[in-house]
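Asker: Right, I'll just put the structure down here and ask away after.
The values are calculated or read from the model by the stated rules, or taken from the named source; none is laboratory data. All of these numbers come straight from a predicted model, not from anything done at the bench. For neighbour counting, all protein chains shown are included, and Cβ atoms are generated from backbone atoms with ideal geometry for every residue, glycine included. Calculation scope for accessible area: heavy atoms of the full protein, side chains included, ligands and nucleic acids excluded. Shrake-Rupley method; radii C 1.70, N 1.55, O 1.52, S 1.80 Å.
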Amino acid sequence: MTLDAPEPFHQVWPTLQVMALPARRLVYLPIAKNACTSLKTLMVELSDLPGPRRAEIARDVHRITDDEETGLQLKDLDEATARALLAEDGILRFAVLRNPADRLVSAYVEKFVVRRARKRIATAPVLAAVRGVASPTDRDFAEGIRFREFLEHVLSADRTELDPHWRDQTDSFVHFPATHLYAIEDLDLLAEDLAAHLGAPVRIGRHNRARRAETHTLPGAAERMPADLPDPERLSPQSFLDAANLARLRHRFAADQMLYDAARREAALRRQGTKPPTAATPRPWRKRLSLNGLRRALDLP
């Protein structure tokens with residue numbers, strides 16, 4: 001009997017999704033629901049691919065980069081090159097973080113409310129578990145589920161079985177030694193650092209926004225079916241999370257919350273002029289992302 005050799009680290013999730021531009025010494029870790037459509041599109045635009053090919057990929061960036069060999073992801077490279085890009089000095093390796101509560105609400109609104117009849121790969125396992133069926137029907141997809149049901153599923157499920165859109169953000173950093181981390185609210189600072197690194201202006205577009213900036217509060221939204229949520233794209237996270245459930249969510253995603261808060265604090269210091277630009281002084285994120293570092297930050301044994 002022979003055992004199959006494990007796939008190389010850069011051919012499996014989460015590392016396979018990492019985007020790399022070796023000539024620009026730039027590497028990006030996409031995390032679902034964290035401006036990843038905008039930033040994946042930006043990486044395509046910054047690449048050396050011919051203009052028509054860049055435009056083609058940008059029009060359907062997730063499907064094409066997932067299904068085709070574009071040369072833009074670690075999965076398209078040999079293992080030695082992939083390892084070098086994640087280890088060498090002088091390479092800007094960045095990712096974007098999001099408040100866990102806001103991220104979970106955004107995922108629910110997009111997948112289970114606004115586009116509930118179309119996003120089936122991500123939502124089918126959740127619908128099946130909540131409704132207690134082997135395979136959801138078209139009616140199940142059309143009706144969707146309540147946010148409360150979605151939250152209970154996420155909080156009780158094995159984290160390794162969660163879809164990347166609501167899986168822990170820290171799980172994406174298994175093989176990714178980030179030099180720069182940003183909160184989603186601080187993309188302007190990312191643009192500044194990219195411009196300094198590349199020596200040219202950088203503009204980050206805004207793509208695939210499930211929720212709009214203008215929000216209103218609807219008490220009890222967590223108990224309503226999707227069809228009964230008025231103007232769901234403008235509902236605030238507070239509409240779905242009371243104090244008790246917000247506390248449970250923050251406890252479950254404590255590591256995510258810690259990293260997000262740290263990124264926000266550093267951005268605030270930088271805006272006050274009390275810290276040098278991150279492009280000049282890369283952040284020591286590698287230590288913070290270590291297992292022991294997270295345990296210490298969370299007061300765990």
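Asker: Where the eigenvalues come from the Cα gyration tensor of the stretch 19-174, what are the semi-axes √(5λ) of the equivalent ellipsoid, largest first, in whole Å?
Answerer: Result for the stretch 19-174: semi-axes of 33, 18, 13 Å.
Asker: What is the diffusion coefficient of the stretch 78-142 in µm²/s, taking the Kirkwood radius over Cα pairs and the Stokes-Einstein relation at 25 °C with a viscosity of 0.890 mPa s?
Answerer: 164
Asker: Based on the Cα atoms of the stretch 147-274, what semi-axes does the equivalent ellipsoid have, where each is the square root of 5 times one gyration tensor eigenvalue, given in whole Å with the largest first? Spell out each step's value before the answer.
Answerer: Values: eigenvalues 185, 78, 43 Å².
Working through the eigenvalues yields semi-axes of 30, 20, 15 Å.
Asker: Can you tell me the dipole magnitude for the stretch 23-150 around its Cα centre, using point charges on the Cβ only (Lys, Arg +1; Asp, Glu -1), in Debye to the nearest 20?
Answerer: Computed about the Cα centre, the dipole is about 680 debye.
Asker: Could you tell me the calculated FRET efficiency between Ala55 and Arg271, based on Cβ-Cβ distance and R0 = 41 angstrom, to the nearest 0.05?
Answerer: Details: r = 35 Å, r/R0 = 0.85.
E between Ala55 and Arg271, to the nearest 0.05, is 0.70.
Asker: Report, in debye and to the nearest 20, how large the dipole of the chain comes out about its Cα centre when Lys and Arg carry +1 and Asp and Glu carry -1 on their Cβ.
Answerer: That gives a dipole near 800 debye.
Asker: Taking the highest mean first, how do the peptides 125-131, 102-108 order by number of other beta carbon atoms within 10 angstrom per residue?
Answerer: 102-108, 125-131
Asker: How big is D, in µm² s⁻¹, for the stretch 1-105 by Stokes-Einstein at 25 °C and 0.890 mPa s if Rh is the Kirkwood radius over C-alpha pairs?
Answerer: My calculation gives 167 µm²/s for D.
Asker: Can you tell me the Rg and Dmax of the stretch 155-199, counting just the alpha carbons, in angstroms?
Answerer: Every Cα atom of the stretch 155-199 included, Rg and Dmax give 14.7, 47 Å.
Asker: In whole percent, and with a 1.4 Å probe on the protein chains, what portion of the accessible area of the chain is carbon and sulfur?
Answerer: Accessible surface attributable to carbon and sulfur in the chain totals 51 percent.
Asker: Then there's this: Quick one: compute the contact order of the chain, relative version, from alpha carbon pairs under 8 angstrom and 6+ residues apart, as a percent.
Answerer: Relative contact order of the chain: 22 percent.
Asker: While we're looking at this one, here's another question. Choose one of Asn34, Gly71, Pro50: the residue whose Cα lies farthest towards the positive end of the charge dipole of the stretch 24-115 (beta-carbon charges +1 Lys, Arg; -1 Asp, Glu; about the Cα centre).
Answerer: Of the candidates, Asn34 comes out farthest on the positive side.
Asker: Using a Gaussian network model of the chain with C-alpha springs under 10 Å, which one of Leu246, Leu229, Leu269 is most mobile by mean-square fluctuation?
Answerer: Evaluated over the chain, the most mobile residue of the options is Leu269.
Asker: Please give every one of the aspartates and glutamates within straight-line cross-link reach of Lys75, meaning a C-alpha to C-alpha distance under 16 Å, and leave out same-chain neighbours fewer than 8 residues apart.
Answerer: Candidates past the 8-residue exclusion: Glu7, Asp66, Asp67.
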